[in-house]
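Here the structure is laid out as structure tokens; the discussion comes afterwards.
What follows is calculated from the coordinates using simple rules that are stated; it is not laboratory data. Only a predicted model underlies this, so the values are computations on that prediction, with no experimental measurement involved. Cβ atoms come from the backbone with ideal geometry, glycine included; neighbour counts cover every protein chain shown.
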Amino acid sequence: MTRHFLRDDDLTPSEQAEVLALAAELKASRHAVRPFEGPQAVALIFDKPTLRTQASFAAGVAELGGYPMLVDGNLARIGTRESVADVARVLGRMVSAVVWRTFGQERLEEMAAHAGVPVVNALTDEFHPCQLLADLLTVQEAKGGLAGLTVAFLGDAASNMSHSFLLAGATAGMHVRVSGPDGFGPDPVVLARAADVAGSTGGSTTYERDAVAAVRGADVVVTDTWVSMGKEDEAEARSRPFRPYALTTELLGHADPEAVVLHCLPAYRGVEIEADVIDGPRSLVWQEAGNRLHAQKALLTWLMAHQDGGGPA
Ligand code: NVA
């Protein structure tokens, strides 16, 4: 069986813990493992803008002994020039894994169904699970563990980051509160799935419209841009309803005094987060960005170790 990482709950709680432990090991010893020795190629495809994700996967694949093969999404025009399934059948014969940032989750699912090699979600409209591995690693480093901690996500609670916090946080046994205005709540199917996972890990999940209530006593406070890639037309309409969710020093004052702040970047200072917060003493955003490298190396290493041998003819 080929294992993929298309959404956060593709890893069970114990598998997530294994990947995070491996990430910590690889952070301490960057060249300890070489699953792509050869070098074997890993396709990195971006249909949306990127900085951290491309850089961290490219550096990560190289550090794992492989060749990061950048496939330009604008040239490949997957799904327009040829079907996702046909692209998958071709790439699966050339590379050991496919990392893809794209729009709808169904595109990634189709890639996974036909590639015959592990497929990794490098962000879709629905989920951003690689970011969550880095975020959980960062919180684990700061707090010494994850289970039982409360995390508050502020802003677009209907976004990929909110959904991934719900699923990945629940998997880790955290109490996840996502908070955003009416009309920007999480997908009820994702919220229900996260509640289900939380039921087995001792965590919990809530959609809380009141930002102060969401942040109260939280150990981790997170925000993200109010305008995700592909939603640029809505920027103007979002600015007023989202304003109460801006992560200001005052709002952060309601969190636990030892609370840490995360942001997946890019950040817009003075919009979703105050400069004094992102550049302040509670912020772990640079550590978080650096952890993309270690978390994704661990994920790729883990996926390669959990494949049945043999590829397509
Ligand atoms: N929610 C953001 C995350 C950026 C890394 C987006 O999808 O644009």
(message) Which condition from (1) of a type in the set (D, E); (2) in contact (Cβ under 8 Å) with a residue 24 or more places away in the chain; (3) surrounded by fewer than 24 Cβ atoms within 10 Å (Cβ to Cβ) is the one that D156 breaks?
(response) (3)
(message) What's the number of the only condition in (1) farther than 24 Å from D8 by Cβ; (2) within 16 Å of the ligand (Cβ to nearest atom); (3) of a type in the set (S, T, N, Q) that N121 fails to meet?
(response) (1)
(message) Any residue in region 162-183 that is assigned to a helix (DSSP H, G or I) sitting within a Cβ distance under 7 Å of a residue that is buried (at least 24 other Cβ atoms within 10 Å of the Cβ) and small (G, A, S)? List the pairs, counting only those 6 or more apart or interchain.
(response) L166/A194; L167/A194; G169/G203; A170/A194; A170/G203
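Residues that are within 16 Å of the ligand (Cβ to nearest atom), at least 3 per element: which helices (runs of 4 or more DSSP H) completely within region 191-264 meet that?
On the way: elements: 211-215, 235-242, 249-252.
Output list reads 235-242.
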(message) Looking at region 272-290, can you tell me whether even one residue there is out of contact with any Lys or Arg (no Cβ under 8 Å at 6 or more places or on another chain), in contact (Cβ under 8 Å) with a residue 40 or more places away in the chain, surrounded by 17 or more Cβ atoms within 10 Å (Cβ to Cβ) and assigned to a helix (DSSP H, G or I)?
(response) yes
(message) Looking at region 65-74, can you tell me whether even one residue there is more than 16 Å from the ligand (Cβ to nearest atom) and in contact with a helix residue (DSSP H, G or I) (Cβ under 6 Å, 6 or more places away or on another chain)?
(response) yes
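Any chance region 49-63 includes a residue that's more than 23 Å from M161 (Cβ to Cβ) and surrounded by fewer than 20 Cβ atoms within 10 Å (Cβ to Cβ)? Give the steps one after another, and end with the answer.
First, the residues of region 49-63 that are more than 23 Å from M161 (Cβ to Cβ): 61-63.
Subsequent filtering for residues that are surrounded by fewer than 20 Cβ atoms within 10 Å (Cβ to Cβ) retains 62-63.
Yes: region 49-63 contains one or more residues that are more than 23 Å from M161 (Cβ to Cβ) and surrounded by fewer than 20 Cβ atoms within 10 Å (Cβ to Cβ).
Each row is one residue, and each column tells you yes or no for (1) within 15 Å of the ligand (Cβ to nearest atom); (2) surrounded by 24 or more Cβ atoms within 10 Å (Cβ to Cβ).
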| site | (1), (2) |
| --- | --- |
| A115 | no, yes |
| H128 | yes, yes |
| L136 | no, yes |
| A142 | no, no |
| G148 | no, no |
| S164 | yes, yes |
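Can you tell which of R30, R77 is among the basic types (K, R), surrounded by fewer than 18 Cβ atoms within 10 Å (Cβ to Cβ) and farther than 25 Å from A305 by Cβ?
Values: R30 fails: farther than 25 Å from A305 by Cβ.
Checking each option against the conditions leaves just R77.
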